[in-house]
């Protein structure tokens with residue numbers, strides 16, 4: 001076979017590439033590279049994700065403290081003087097609360113009219129773009145205080161579920 005009669009480049013079975021195959025492979029590689037670059041640009045950094053997660057945990061703590069204050073008021077007929085008072089009664093301990101976790105949150109009871117209070121915390125990031133999840137706990141980065149009110153009657157607390165022990 002002479003080089004003039006060598007048609008292997010046009011014959012896909014002979015190990016050569018057609019020009020269309022080269023273009024397809026090049027376009028595929030370009031799409032994959034662009035997708036990787038877009039993913040890196042769009043996704044948040046690991047430390048930003050960690051800060052967002054810590055702020056979400058702080059909002060969960062605020063929610064459990066709000067519920068515990070309502071329980072404390074229902075049981076004792078008054079607001080606690082300080083957050084650590086919630087730890088004195090098993091019925092009012094916020095879930096997962098310790099003196100250290102309660103120290104992250106500042107609490108102020110407003111004496112007039114006696115049912116209002118505020119909870120303040122320092123947040124690392126803003127969550128104002130997340131509308132649906134923590135709508136009542138919207139905050140910017142930095143210190144944020146939330147003015148709260150103890151429900152006047154238990155029907156304002158929302159749904160309460162009681163679990164009855166049973167044997168299997």
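Structure notes:
- Yes/no for residue 38 being modelled with pLDDT under 80 and not assigned by TED's automatic domain parsing to the domain that holds residue 147: yes
Let's see how each residue does on (1) under 17 Å from residue 99 (Cα atoms); (2) touching a residue at least 60 places away in the same chain (Cβ under 8 Å); (3) outside the structural domain of residue 109 (by TED's automatic domain parsing):
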| site | (1), (2), (3) |
| --- | --- |
| 50 | no, no, no |
| 55 | no, yes, no |
| 60 | yes, no, no |
| 71 | no, no, no |
| 76 | no, no, no |
| 80 | yes, no, no |
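- In the condition set (1) out of contact with any helix residue (DSSP H, G or I) (no Cβ under 6 Å at 6 or more places or on another chain); (2) modelled with pLDDT under 85, residue 14 is compliant with all but (1).
- Within region 54-84, the residues that satisfy the criterion of being over 27 Å from residue 142 (Cβ atoms), more than 26 Å from the chain's Cα centre (by Cα) and buried (at least 16 other Cβ atoms within 10 Å of the Cβ) are 72, 73.
- Residues within region 86-135 that are loosely packed, with under 14 Cβ neighbours inside 10 Å, at pLDDT 85 or above and over 14 Å from residue 65 (Cβ atoms), tallied: 0
The values are calculated or read from the model by the stated rules, or taken from the named source; none is laboratory data. Every value quoted in this text rests on a predicted model; they were computed, and no experiment measured them. All Cβ positions, even for glycine, are placed from backbone atoms using ideal geometry, and neighbour counts span all protein chains on display.
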